[in-house]
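Notes follow once the structure below has been shown.
The values are calculated or read from the model by the stated rules, or taken from the named source; none is laboratory data. Predicted, not measured: the structure shown is a model, and the values here were computed from it. Because the Cβ atoms are built from the backbone with ideal geometry, glycine has one as well, and the counts that use them run over all protein chains shown. Each accessible area value is taken on the protein alone, full model and side chains, heavy atoms only, with ligands, DNA and RNA left out. Shrake-Rupley method; radii C 1.70, N 1.55, O 1.52, S 1.80 Å.
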Amino acid sequence: MSDELRKGQTANLVLATTAFAITFWAWNLIGPLAGGYSRQLGLSPTQTSMLVAIPVLVGSLGRIPVGVLADRFGGRLMFAVICFTTIVPVLFVGWVEPYGWLLLWGFLLGVGGTSFAVGIPFVNAWYDPARRGFATGVFGAGMGGTALSAFLTPRLVESVGRTQTHVLIAALLAVMGIVMLLFSRDSPAWRPSTGPALPRMGEATRIRATWQCAFLYAVAFGGFVAFSTYLPTLLQNVYGFTQTGAGLRTAGFSLAAVAARPLGGVLSDRTGPVRVLLVSFAGTAIMAMALAFAPPPEIPAGICSVLMAVFLGLGTGGVFALVARLVEPSRVGTVTGLVGAAGGLGGYFPPLVMGVVYATTGAYVIGYVLLAATALAALLYTRGAFTSASPTGGGAALR
């Protein structure tokens, strides 16, 4: 490894992770306040679920073109573009109140969620293959922006007001965009992809690993996103917590997943990503069934929720360690966009399902059972598709 690469690794990893966290905070501004919107506007559970889920949809699908653009223009520029672009919907979500307008600006707020497809190829290019699990795991900890949102957003709204809170987030985005332009740089090992975008996307869809990792990430990251965005509403409905109390507990869930993600990357470097994924999906299925019948709050429900977050976080770290082993560096951005989109879409549908289930039955049992069944399916698929993976993580072999 060249001295130039070694010297720039830590600084650029820290900058990328920070930018990821701030854009994810912006992406998740609506979720922690969903209960307040519901009461203020008289929304049904389904309408509330739609309001929470709409930024997730855009942040998911938007990762596909953003991943292609990251391959072409580099992470430094694309991080700045996303920060600056997200400022507009952040401000308007803080100012408007009619439900239709909230949906519109919430839709555009999804731009903040596309930063993931920029960061993975950006940090991958700074590290050699043996340490990319570590690098992507640390970068993935930036999804702690959802924890920041869950913990700080309700408190800021209560202390300074909704509009002022959104102005503060917009200011953070502006500062972060400037910082990325001034102080970050693309890896000397990175080379822009100059070919047309559509053929490159077509090539990525013909890589078997793209679809395999997309499914696994839809379960692992989708589960995390679904819980981190919908959990405040669920906790208020089931346990009667206040908006601030629900936000505090959701922040704990998000922090547990954030801490587990780099651990998943490190363990993948040491023992192989397949083993990490098997543990992740098994644990998720068990915890989902434990939560299905609304056990008492804190103990055992709180413990089960935190453990589920840990298992999901391990899985998110494991999937991109697998991507780094199976996909050549020049295609990582495009493949990351597709896989990341699948992960976001995996988080789009569960809140809608939970809202419909709760509106129909008055409980969330069916939703938890569906989560457990999905995690079990991912477990069985991982065992079947990657049975010849090296125990040291030296490249999972595809059947």
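Details
- The number of residues in region 77-89 that are under 30 Å from ARG191 (Cα atoms), of a type outside the set (A, V, I, L, M) and buried (at least 24 other Cβ atoms within 10 Å of the Cβ) comes to 3.
- Test: residue in region 264-271 that is β-branched (Val, Ile, Thr) and crowded, with 19+ Cβ neighbours inside 10 Å: no
- Checking TYR348, TYR381, TYR368 one by one, the residue that is open to solvent by 30 Å² or more (accessible area, probe 1.4 Å) and out of contact with any Lys or Arg (no Cβ under 9 Å at 6 or more places or on another chain) is TYR381 and no other.
- The single condition from (1) out of contact with any helix residue (DSSP H, G or I) (no Cβ under 6 Å at 6 or more places or on another chain); (2) open to solvent by 20 Å² or more (accessible area, probe 1.4 Å) that SER187 fails is (2).
- For region 5-25, a tally of residues being closer than 13 Å to TYR127 by Cα and touching a Ser or Thr at 6+ places or on another chain (Cβ under 9 Å) returns 5.
- Qualifying residue in region 208-216 (condition: of a type in the set (Gly, Ala, Ser), within 24 Å of the chain's Cα centre (by Cα) and assigned to a helix (DSSP H, G or I)): yes
- Candidate set: region 330-374, residues that are aromatic (Phe, Trp, Tyr) and under 21 Å from the mean Cα position of the chain (by Cα); chosen: the one modelled with the highest pLDDT: TYR368
- Every test in (1) open to solvent by 10 Å² or more (accessible area, probe 1.4 Å); (2) closer than 30 Å to GLY362 by Cα; (3) in a helix (DSSP H, G or I) is passed by PHE241 save one, and that test is (3).
- From the list MET1, MET50, the one residue that fits, being farther than 27 Å from GLN243 by Cα, open to solvent by 60 Å² or more (accessible area, probe 1.4 Å) and at pLDDT below 90, is MET1.
- Of the numbered criteria (1) among the aliphatic types (A, V, I, L, M); (2) open to solvent by 60 Å² or more (accessible area, probe 1.4 Å); (3) within 20 Å of ALA321 (Cβ to Cβ), the one ILE178 fails is (3).
- Single condition GLY195 does not satisfy, out of (1) open to solvent by less than 40 Å² (accessible area, probe 1.4 Å); (2) in a helix (DSSP H, G or I); (3) among the small types (Gly, Ala, Ser): (2)
- For region 239-278, a residue qualifies if it is more than 18 Å from VAL319 (Cα to Cα), in contact (Cβ under 8 Å) with a residue 40 or more places away in the chain and β-branched (Val, Ile, Thr), and the qualifying residues are THR244, THR250.
- Filter result for PRO65 (surrounded by fewer than 23 Cβ atoms within 10 Å (Cβ to Cβ), within 18 Å of the chain's Cα centre (by Cα) and touching a residue at least 12 places away in the same chain (Cβ under 8 Å)): yes
- Verdict on VAL14 being of a type outside the set (Asp, Glu) and without any contact (Cβ under 8 Å) to a residue 40 or more places away in the chain: yes
- Test for ALA171: is it hydrophobic (A, V, I, L, M, F, W, C) and surrounded by fewer than 16 Cβ atoms within 10 Å (Cβ to Cβ): yes
- Filter pass, VAL138 being at pLDDT 90 or above, in a helix (DSSP H, G or I) and aliphatic (A, V, I, L, M): no
- Residue, farthest from PRO65 (Cα to Cα), within region 108-129, restricted to residues that are at pLDDT 90 or above and of a type in the set (A, V, I, L, M, F, W, C): TRP126
- Selected residue [open to solvent by 10 Å² or more (accessible area, probe 1.4 Å), modelled with pLDDT of 90 or more and within 21 Å of the chain's Cα centre (by Cα)] from VAL279, VAL327: VAL279
- Restricting PHE92, PHE116, PHE134, PHE107 to those that are among the hydrophobic types (A, V, I, L, M, F, W, C), surrounded by 20 or more Cβ atoms within 10 Å (Cβ to Cβ) and farther than 15 Å from VAL266 by Cα reduces the list to PHE116.
- Qualifying positions in region 298-324 - within 18 Å of PRO273 (Cα to Cα), open to solvent by 10 Å² or more (accessible area, probe 1.4 Å) and at pLDDT 90 or above: VAL310, PHE311, LEU314
- Qualifying residue in region 331-340 (condition: over 22 Å from ARG261 (Cβ atoms), free of Cβ contacts under 8 Å to residues at least 24 places away in the same chain, charged (D, E, K, R) and open to solvent by 10 Å² or more (accessible area, probe 1.4 Å)): no
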